[in-house]
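One structure is given below, encoded as C-alpha cells.
Taken together, the values in this text are just the output of simple stated rules run on the coordinates, not laboratory data. These numbers come from a predicted model, not from an experiment. Cβ sites come from the backbone with ideal geometry, for glycine too, and all protein chains shown count toward neighbours.
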Amino acid sequence: MIKYLVYILYLSFLVSCFVINKPFEDDKITIPVIKGINSGLYISKIVGLTNKTEIELRDRIYNKILNKNILVSYKYFNKNSYILKSSFIKYKSINKQKMIFTLSSPSFNEVRKLDLLIPNNKIASIEIQEQVSNKIAEFIEKKFNKTDKQKKIKINEIKGLEKNKNLKDIFLNKLSYLFSKQSIEIIKTEKNNNYYLIDIKFSITEINKEKIKLKVIWLIYDKNKKLIGDIKQENVFLKSLLTKIWPEISSKIIEMSINEINILTNVQK
C-alpha cells in the first residue's frame, strides 16, 4: 500500500511540474521562432458580415485549420506567408448567399479560389459555420500538405548532448518515430542528393541550483544544402527533472517543431 502511495505522490509531483513548467508546450514562452521562405497562413477579416458573426466564423476557421497541424495566425509571419481572404455576398435577386475564399502568396504567382453557397440567412448558425469551417480547412490542407511521400531527411549532427549519450539516443528514437508518422524517413546513408539536411543544437545552462534553461535550435537545409529556415525553442524547468522526464521533453521539442519543418520542406520542390 505504501509503495502505491509513494508512486501516486511521485506522479502527482511530475504532473504539478508539467503544469508549472510545461516543457516546450506553453505558447507564451515556447512558441518556435521560425525564419524561412514560408512560415504559414495569415487569415484576414471576413468582409460583408456583422462584427459578431465575423469574429465567430473566423475563430472557427482558425481553429479548424490549426487542428490540421497548419501554422496559422491573424498576423503576418513574414512577407511570404500565405493569405486567406474571405467575402460574404448576398444576391437579393436570386435569394442566395455565398462565401468567396481566395488563397494567395506574394512569393508565388498563384491564387486559389473556393466558393461556397450559404442557405439564406443561416450564416450566423453554429451548424452552418461548422460546415463552412470544415470545408475551408480541407481546402487549405490540400495546399499546405502536399507532402512528398518519399521525403527523406538526414540528421547531419546533434550538438550539446555529448556528455550524456542516453539523452541523445532517446531523442533520436523519438525523432524517428514522430517523423515516421508524418511520412518522413530519417536516412543514415547518402545514396543520392534527394534529401533534406537538419542540424540540431542543444544548450543547457544553469539558472540557479534548482533550475536550468534548455535551448534548442533547428537548422533546416534544402536538397542543395542551402539553409532555408531555423527554428528556436527554449524553456526553463527543474534541473532534477531533466533525466527523469527526458522522453516527454524530447517529444514536446519535436512536436513543437515538426509542423514548421513540414512547411519549409513542402514548399521546396
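Could you sort out which of K45/K226; K174/K223; K122/K181; K142/K223; K168/K225; K151/K201 sit more than 30 Å apart by Cα distance in this structure? Mind dumping the intermediate values first?
Details: K45/K226 36 Å; K174/K223 24 Å; K122/K181 39 Å; K142/K223 23 Å; K168/K225 24 Å; K151/K201 22 Å.
From K45/K226; K174/K223; K122/K181; K142/K223; K168/K225; K151/K201, over 30 Å: K45/K226; K122/K181.
For the range 148-266, what is the relative contact order in percent, using Cα pairs closer than 8 Å and at least 6 residues apart in sequence? Could the numbers behind the result be given before it?
Values: 182 pairs, mean separation 30.9, N = 119.
Relative CO of the range 148-266 lands at 26 percent.
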Any residue on another chain or 5+ positions along whose placed amide H is under 5 Å from the amide H of V72 is listed here as L41
Output row, site N69, 7 Å Cα→C-beta label point, backbone N cut-off 20 Å, window the range 154-185, residues 154-155, 171-185
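What's the long-distance tail for the range 135-269, i.e. % of Cα pairs beyond 24 Å?
On the way: 3031 of 9045 pairs.
The proportion of pairs with Cα distances above 24 Å equals 34 percent.
Would you please give the FRET efficiency between K201 and K90, computed as 1/(1 + (r/R0)^6) with r the Cβ-Cβ distance and R0 = 51 Å, to the nearest 0.05?
Working: r = 55 Å, r/R0 = 1.07.
That gives a FRET efficiency of 0.40.
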Taking every C-alpha to C-alpha distance in the range 41-144 and binning by 5 Å from 0, the per-bin percentages run 2, 12, 24, 26, 18, 10, 4, 2, 0
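Compute the relative contact order of the range 41-144 as a whole-number percentage, counting only Cα pairs closer than 8 Å that sit 6 or more residues apart in sequence.
Values: 160 pairs, mean separation 29.4, N = 104.
The normalised contact order for the range 41-144 reaches 28 percent.
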Subtracting the Cα-Cα distance of N192 and K223 from 0.36 nm times their residue separation yields 10.2 nm
